[in-house]
Each structure stands twice: as C-alpha cells, then as structure tokens.
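Shown next, in structure tokens, is the structure this report addresses.
The values are calculated or read from the model by the stated rules, or taken from the named source; none is laboratory data. Since the structure is predicted, the reported quantities are computational estimates derived from the model, not experimental observations. Ideal geometry is used to build each Cβ from the backbone, glycine not excepted, and the neighbour counts take in all protein chains shown.
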Amino acid sequence: PVAPPEAKQGLTMRQRLLEAPGAERLALLIQLLGEAVARILAYAPSTQPSAEEGFFDLGMESVQAMQLVEHLEDELGLELYPTLAFDHPTLRALAGFLLERLPTTTEAPAALRTGIPAEVVLARQGWRDAPCSEPAEPAPHGVLLVGGDEAHAQAFREQLHARGLEVPVVRARPGSRFAETGTGPELDFADVLQVRQLFASLNERSLQPSHIFHLGALDEDSGKDPLRGFAHLLGLAQGLLAHGSEVAVRLGHVSATVDGVPPPAHAALGGFCRALGLETPRLFFQTLALGPESRTPSEVARLALANSTQDDVEVRYAEGRRQVRELVELPPGTHAPSPLRRGGAYLITGGAGGLGLLLAEHLVRTVQARIALAGRGELDEPRRRRLEVLRATGAEVVYVRGDVSERESATRVVREACEQLGTLNGIIHAAGATRDALVAAKVWEQMAAVLGPKVHGTRHLDEASRHLPLDFFALFSSTAAITGNVGQGDYAFANAFLDAFAAEREARRARGERHGRTVSFNWPLWAEGGMRVDAQTLRFMERRGGLTPLPTALGLEVFEQGLAQEGSQRVVFHGARDTLVQRFGIRTGALEEAPPRAPLATPLPAPRAQARTPDPGREPIALIGMACRFPGGCDSPEALWRFLLDGGDAIVDVPKERWDPEAFFHPDPDAAGSMYVRQAGFLREAPSLFDARLFGISPREATDMDPQQRLLLEVSWEALERAGLAPDSLAGSPVGVFVGMGSAEYGLLPRAARQFNAYTATGLATNIASGRIAHRLGLQGPALTVDTACSSSLMAVHLACDSLLRGESDVALAGGVNLMVSPYTFVSLCRLHALAPDGRCKTFDASADGYGRAEGGGLVVLKRLCDARRDGDNVLAVLLGSAANHDGASSGLTVPNGLAQQALLRKALAAAGLEPERISYVESHGTGTSLGDPIEMQALGTVYGQRPASVGAFTVGAVKANLGHLEAAAGIAGLIKTVLCLQHRAIPKQLHLRQLNPHIRLERMRAQLPWDTLAWDGDGRTAGVSAFGFSGTNVHVIVGAPPA
C-alpha cells in the first residue's frame, strides 16, 4: 500500500525515492529537488522552479549551492561534493546525476629537503684580438674634446669631414675655474659645478655633444697621479647627469700605454665605467689605451671615432692590433708548494675586520704563523676577545694602529710590524670600505673613504716594504671591479686599481725591483667576514649573476692555492657554474654537468609503467632552460626551490612606491571605491629597475614601457642563457615567442595628455610584449601574446609545443608575466569579493576565503626532444602532452565547470598516451576559494583517481599558497615548480594547510596532500599542471622526468 501524503512528509528523500516505482523516480526527484531549492532560496512555499532553468539564473550563489549539497547528503544518505550545482546546473541534470552516481577511495606518506649545488669558478682578465665591427651607433652630432691641443681638434674635424660629417668640434682646456676664452672654454673637469657651467654654455650655443673624448691622459706621465683621470670622469659624469639632457652621450677616455699596458690609474677606469653603465644607460664610458705608434693626432682621432661605435668598455692597441678585455677561466693548476712558512711573520691590514680576523685565525691554526693585524681604530670588546683566544693558544698576535691611506702612517705600520715580529714574510692587504651611492649623488668625502685604503694604501704599503725580502704581496680586491655594481662606482675603480697594480708590481719584481709574488684576489662576498650586505642584495646578486656567498673554508683554500700558483690575478666567483660562465662571458671549455642529487628519504610509490600510445606524430618536448622573477625574493629557480622547501610566504604589505594602501583601504568589503586587503605577493625588486642599455632601449622609451615588457626582456635573456643559448646568437632563427599576459595596469596610472608620446602606444600594447623580445633578439618564429586570464602563461606553453611539433619553430620561449602597479584592479576584485582579506591563498584549507593576488613572471625554453639530444642540451624535463578547452555554457561566466575540467584531463592524457595511474603529482590551479578548490579536486579525483589498488595515491599541491595567485603568470609558476620537484625528487609541504576543506573528500579520490615535504622517487615520475582562466579557458600540461 502507498503511504498517505501526511505520512510521506516524515520520510527522507531517499526513502521516498526507494518507495517510488523506477519509472517515476526521475520526476519525483526533480520535484523534491525543486522544493529544496525553493526553500534554500526563500521562495514562496508553492513555488516550483522549472526543471530546465539554471540554478544561478534562479539566484543561487556559492553559499546556497553548498547548502543544497549538504541538504541532499542528509536526505539521500550519500557522500556528495559541494560543487554539484556547478557541474549539474539544472534540476533535471542534477536529478539524473543523483540517480546514477558512482563514488571513489584514498591513502598518505613522508618528508625531506635538498640543497642547491654551488661551486667556485676561477678566472683572470686578459686581452684578445677584436677588430672593429660594423658601426652600431649613430654618427656623432657634436664632439667635445677634454684636453688635447689644437692639432687634435683639427684632426677630429678632418676625420669627420672624411666621413661626410660636418659636425661641430669644441675643445675644452684644463684650468682652475670656468672661463670662456678666445680659444675655447677652460675649467677644472673634476668640479661638477664648472662642468655644469660648460654644458649650459654649450647649450646656449645650441651645441649638444653626443661624443666626448678625454685626451688629457695621452702623456705617459699622466698615470702617475692615481686619481686624476677618475676625478675627471666622475666630474664629467655628474655634470652630464645634472645637466638634465636626455641625449645619449658616449665618452671615451684616451690614454697612453706604458710598456704595452695601461698604467693602474688608467686601467682602473674600466671598473668605474662598468659600474656607471649599470646606473645610467644613457651614458656609455669607454677606455682606449694607445701605444706609441697610435698617438699621433690623426691616429688618435681616427681610433677614438672608430671605437665610439663599439660597445667594448676596455680597448687597447698593441702593435697596431685592436684588443679588448675578456675573462678567461683558469685551469685547475698543478699542485705547488705553499709559500706560507711555518712560524712565518705576516702583516694583515684591515685586521680588525671580519675577513682579516678569519685569515689570522686560519694562519695561526694551519702554520702557527706570527701575525701583525693593522687597523685604524681601537679594537672593540668582541675583537679583543678573539685575539685573546688566539694568544691563549700560544700564538704571537699583535695589533698595530695606523691608517695605510696616509704615507707616514703606512710606513710606521710596516716598521712596527717588523720590529714586533722580527721580520715580515708576507703582506695581505685586506683593508677596504664601501660608501654606496649612485654616481649622481657621490660626494668626495664618501669616495675618499673608499679610495684611500685601496688606492693610496696599496701604493704606500708597496713603497714601505720595497726593501723587505717578502714571499708574497697579496691584495684583496673584489669582483665589483670586473662586473660593476650599482652604487659602487668608486669601489669598482679602487679594486680595479689593485688588479692593475698587481700586474705592474709583478713586472717590477721581474726587473729585480721588488721581492715576493704579487697576487690580486677578486673576491665575491664571503659567507663570513668581509663586506656585509642585506638579504635583498644577496637575492639580487643570485638572480643577476648566479652569485652566492663564498663559504669560508673554500675561500681560504682558494687563497692558499692562489699564493702558490702562477699569475697576478685570481677572479673568484661562487655559485651556479653555467650561469656564472654565461653571465660574465668567461671564456672556457664545455660546461660541466650539475653534481648528482642528494638521496631522498621515504620515497613515494613509483607508478606502474604503461605502454604509450600518444597522438600520431607526437613526440616529447624538451624543457632545456627556465628563468623567473617571483615574489618572496624568488628571482631564480634555485631561489624558488629553497623558498618552497623553507615553507616561505611571499605575501607582504603594498610597497609605498606603488600606492598608498591606506588611501584605498576600508574594512567593509562593500565600501565603494575601496579595497579590504592591504597585502599581496609583490616582487622585492622594484619594477623600475631595468638594464635598458642591454636591450638597446633608450631611457625615454624605457620609461614609457609597461614594466611587464621590461621584465619579460630580462627573463627571456636569462632563460636562454640558462638553456646554454647565447641570446644574441639566435638572430634569423625560427625561434618562437609565446607570452601570456593580461591587461596592462601601467595604462591605468594617471597621465596628462602631454605625457603621451611616440613610445606610449608600443609601451602599453600587450601584443608588443612578445614582439619586442623577438625584435631585440632577431627571432623569426611566431611571436604572439595570449590573454586567457589566469591560464594565459600555460596556454602560451601549450601553443609553443604545437608550434614546435608542426615544425614552425625550432626553439620556443614560452611563459607569462603579471605586475600589479595600479590599485584599481584590487578595487574591482574587492567589489566581486574575490580576494582573501589577508591576501593569502589558503588552498585546500577550511579557512579558504578567496585568493591573494601576486605578481611576477617566468619563461621556459623548449625544443623537440630529438633536437635537444642532438644538440647536447641539458634536458630538465619533458612535456609529454597538453590540452586546452573552455567551460562552455556553465552556471556563470566566471564559474568553473568540473565536467569541463574532467574532459580536459582526459584529453591531455590521450595526447600524452598515458593511463591515469601514471600521474603521481598534480600542480593544481588551487586558488584557495571555498568552492573552486573542491570543484577542481573532484575533477582530479574522478580522472586521476581511477587507478589500481596496487598504485599509490597521487599528490596534489599548489604554489599559490606560497607566492599568491600570479594571474596571467600563474600557470608558468606552477610548471616551473613542478620541474623543480622532478629535478629534486621531492614535493614541498603545502603552506597554510591546517584543516582540510570539509568539502574535499580525499578518501574517495585516491588523492593526498603534502602535509609535509614528500620524497618523490622512482622511475617514470610524471605530473600534471593545471591553469584555469576565469574567462573559462582551461589548460593542462603533462610533464615528466627526462628520459635516461
């Protein structure tokens, strides 16, 4: 008998359905679902929604959708997932699913971390023949000669006339104060105020020199004043910068060689020029050293003009041959006896500094040396205690006060050291100081503190010890002399002086004028002792050059070896060898492979091998290089890996230089024109920092460029270098550029109409982002910018793979960028209530309440695997297959579609020719929203959870928890993280995971989350990477460890 209507009111939906005949169950369930929806949406009791009308058209939002699922779980006695209403968005669709649904199952494991290999690269400076190439710079439109005589001025005019150029040539002569004379202006070139007067005077006559040639050092005696040339170049640089003209200026310092080499005072200018070039791209300074045969006025003019079209910083002419500076890697070197004597007596200047004390302790410990430490001030208590500890061991250690930058004081220091120790067997000059400031802001008092110990101190110590039978005279220089450093133009000059002085002293030793080998050590930062820098500077150094601090034990070993082996210079780099060699142009042999990985504990079960049946004609794509700029100081893949292993959180306050966060903040999420978040994932390095000259871009154009374009140029260059490809060698090659990039927030910044110029259109155009890379490098494959919102960068990778497989490209750069330079996108997203109030993506956690925005960029370099093997490339990973689709007509434009995601995963598996159980890790989209995470997890479980019981669960992670959601660059961040996981055989712990989102049912998905760092071992390791755009476009890429 059928129960009466009043009795049925007490039955659950499940009971009512079980009682109903099979043919009637669908109609009954549609009715019951309609009643439930009406109650949840607070409709009138008699209202019955249409079976075909979408839930969201009825007014259902995320919260109500989850309430519906919870109600159905109670009523039907089923375990459901909270995104049911998204995937089955009408009463009829949901009823059909509920009547036929089938479920799934799971398990868990362990932890670890690994290190990043770093090594020492030793080099020296040398000269190589390099004839002038075709002119790359525009012809001069005004020439200023600093020094020289009228014969030089006439020679320049004749040379220019011979080239068809009628260009004004003005000669300025040295004087004590600025004055206009009948033969031209006179001034003190070291006085910035007089230099400004000079340029103002020229400007009044409509003369804007594009080329300046300093000829005051053509006399061989000019090198005897160690600071004259530096003071002149500094004065000219500061005057030009203060003058305010945006005209690019090239300045050549022309000097005489002595015995074929520039004297130290002139050679050191190369260090200053390199540092200045990093600070002011519109000023290019060059040193030109001429032998006696090249110093006639006509030859000076010809060679100066010819070299002004070249980009070499240091040039010399020896016996008529043009040569340029280069770095040459030093061979391992044969074992030679150390010149350190047991019980020897050594003077260490800068002895009160950290490095001096480290050396003293080492020498006492290893050869029982007797040490005289020299310093300018009294020892403080910690240093006094360190000396007492040394003396307590029986060591003879004395401290001598003195300032070696003063001649009399340096003489006294050497004399007292000899008197107290009985003799001196060696001198280690480690004194030094920094006073960092941009060249435009340098004052002489600051520079005197930097130049004094290095330049004057070296000369004074050499003079004071010239009579001593030394075994060695060691100078502690810096790599700043070689690479240049922003804010350290004086420091770069001072250390370059030491390098050149060492070579000069060695020449004197060969003539019998000095005793003991001379070696200049260009040190990088030491991990202990030496100069101190902040963490941000360390990250910048690692990103720009692969440099990491030198471990103390390794530095001391390099020091002893350097004393024992030939050569007056040892340039010491420490970091990633391939990056160092490429970044600093070190001439060397083939690059070595990275050391083997450290073993990992507690491996995950290896997936069972499956026969592949990939798409016909599909071959794997090799990933051979990658580079990134991510928040949290993750400016290289190595830094990113360390950050992930350390559980880093990159979310910080809005930098003050972007906008005033308090001006826009309001805690009420519904307050118009405001934002309820104060934090996001910002890059530590300001977007304004950009090496425009490296890319041939003028300062004015760089200013109008969207900083996203600037960042892409830098990252593309670095990615190619890391792939072992010289960026400037690819011109004319079918290399594709595929960039994912959203809207340009730079265009939202307020501008007056007069600020729009010829560069604004290209600077703000997103399509230019990829085209600019191709243009700069001369690449002739396809170049396109993709905007599919948050899936943009992974879509770029997908399209790049297709281009490679079609033979359209031989190499492809692919990735994306996203920078947050305007508050207005935040305001808009806050109106949508899309952002987490604390700015963090709490992916998979019960506290998930929206996503946190982030910025950055990344690019990978791709090749067909067969080509990569043929070319001997280092394959980091292989892309086995990829797929893209759209959500279609889902419940809403920005609402994810779980069914579409399932179809995407199956399509990618088919492209790769793999079964679901081959996937052991998934880098999810995982934005940290209460509904989006469960939708994605359900789709993953439905597809990748279909695996035999003998195969372990797959792991799911999301880098957004660490970095934030990089939006257009999110997919490439996930891909780079996954490649690092493959390389290091580990899956980092998931950040912000404290309590699982209750709507995620892992046990039915055969999935697990990395509650701690997991080892990931075994053969055939394969992962999936997802990126879903809020426009509805989804991308999934399957990536595996490189084949043996």
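Return the residues of region 505-516 that are within 42 Å of the chain's Cα centre (by Cα) and over 18 Å from Gly562 (Cβ atoms); say none if nothing qualifies. I'd like the intermediate steps shown before the answer.
Looking only at region 505-516, we keep the residues that are within 42 Å of the chain's Cα centre (by Cα), and these are 505-507.
Hit for region 505-516 is Ala507, nothing else.
The lone criterion from (1) closer than 28 Å to Ala237 by Cα; (2) in contact with a helix residue (DSSP H, G or I) (Cβ under 7 Å, 6 or more places away or on another chain); (3) touching a residue at least 24 places away in the same chain (Cβ under 8 Å) left unmet by Phe473 is number (1).
Every condition in (1) loosely packed, with under 15 Cβ neighbours inside 10 Å; (2) modelled with pLDDT of 70 or more is met by Trp127 except one, and the failing one is (1).
Arg205: among the charged types (D, E, K, R) and surrounded by 18 or more Cβ atoms within 10 Å (Cβ to Cβ), yes or no? Walk me through it before giving the result.
Details: among the charged types (D, E, K, R): yes; surrounded by 18 or more Cβ atoms within 10 Å (Cβ to Cβ): no.
No.
For the residues Leu683, Leu644, Leu712, the requirement of being in a helix (DSSP H, G or I) and closer than 24 Å to Asp849 by Cα singles out Leu644.
Taken across region 1017-1034, residues that are touching a residue at least 60 places away in the same chain (Cβ under 8 Å), of a type in the set (Val, Ile, Thr), under 19 Å from Gly952 (Cα atoms) and surrounded by fewer than 24 Cβ atoms within 10 Å (Cβ to Cβ) do occur, with at least one present.
Being at pLDDT below 90, out of contact with any Gly (no Cβ under 7 Å at 6 or more places or on another chain), in a loop (DSSP other than H, G, I, E, B) and of a type in the set (Gly, Ala, Ser) is a property that Ala108 has. Number of residues in region 384-404 that are modelled with pLDDT of 95 or more and of a type in the set (S, T, N, Q) equals 0.
May I ask you to list the residues in region 357-379 that are polar (S, T, N, Q) and within 41 Å of the chain's Cα centre (by Cα)? Walk me through how you get there before you give the answer.
Looking only at region 357-379, we keep the residues that are polar (S, T, N, Q), and these are 366, 368.
If the condition is that a residue be polar (S, T, N, Q) and within 41 Å of the chain's Cα centre (by Cα), then Thr366 is the only one that fits.
Among the residues of region 242-270, those identified as more than 13 Å from Val315 (Cα to Cα) and in a helix (DSSP H, G or I) are Ala242, His243, Pro264, Ala265. Considering the conditions (1) in a loop (DSSP other than H, G, I, E, B); (2) at pLDDT 75 or above; (3) over 30 Å from Phe573 (Cβ atoms), Leu72 is excluded by exactly one of them, (1). Mind checking which residues of region 836-848 are surrounded by fewer than 22 Cβ atoms within 10 Å (Cβ to Cβ) and in contact with a helix residue (DSSP H, G or I) (Cβ under 8 Å, 6 or more places away or on another chain)? Across region 836-848, there are no qualifying residues.
Restricting to region 357-386, name every residue that is crowded, with 22+ Cβ neighbours inside 10 Å and part of a helix (DSSP H, G or I). Matches in region 357-386: Leu357, Leu359, Ala360, Leu363.
In the set (1) touching a strand residue (DSSP E or B) at 6+ places or on another chain (Cβ under 6 Å); (2) surrounded by fewer than 24 Cβ atoms within 10 Å (Cβ to Cβ); (3) within 23 Å of Ala267 (Cα to Cα); (4) among the hydrophobic types (A, V, I, L, M, F, W, C), Leu475 fails one condition alone, (2). Take Asp704 and tell me if it is farther than 25 Å from Asn485 by Cβ, assigned by TED's automatic domain parsing to the domain that holds Gly632 and surrounded by fewer than 23 Cβ atoms within 10 Å (Cβ to Cβ). Judged against the criteria, Asp704 is a match.
For region 391-408, give me each residue that is of a type in the set (A, V, I, L, M) and over 19 Å from Glu378 (Cα atoms). Break it down into steps so the answer makes sense when it comes.
Pass one, region 391-408, residues of a type in the set (A, V, I, L, M): 392, 395, 397-398, 400, 404.
Residues satisfying the conditions are Ala392, Ala395.
Scanning region 410-435 for residues that are out of contact with any strand residue (DSSP E or B) (no Cβ under 6 Å at 6 or more places or on another chain) and touching a residue at least 40 places away in the same chain (Cβ under 8 Å) turns up Ala410, Thr411, Val414, Arg415, Cys418, Gly422, Gly432, Thr434, Arg435.
Can you name the residue in region 150-179 that is assigned to a loop (DSSP other than H, G, I, E, B) and free of Cβ contacts under 8 Å to residues at least 12 places away in the same chain and, of all such residues, is farthest from Val192 (Cα to Cα)? Let's see the steps before the verdict.
Step one: of region 150-179, the residues assigned to a loop (DSSP other than H, G, I, E, B) are 163-168, 175-178.
After this cut, where a residue has to be free of Cβ contacts under 8 Å to residues at least 12 places away in the same chain as well, the list is 164, 166.
Details: Gly164: 34, Glu166: 30 Å.
Among those residues, the one meeting the criterion is Gly164.
Name the helices (runs of 4 or more DSSP H) wholly within region 483-571 that hold at least 2 residues that are crowded, with 19+ Cβ neighbours inside 10 Å and at pLDDT below 90?
On the way: elements: 489-510, 535-545, 552-564.
Because the criterion is at least 2 residues that are crowded, with 19+ Cβ neighbours inside 10 Å and at pLDDT below 90, the helices (runs of 4 or more DSSP H) in region 483-571 that meet it are 535-545.
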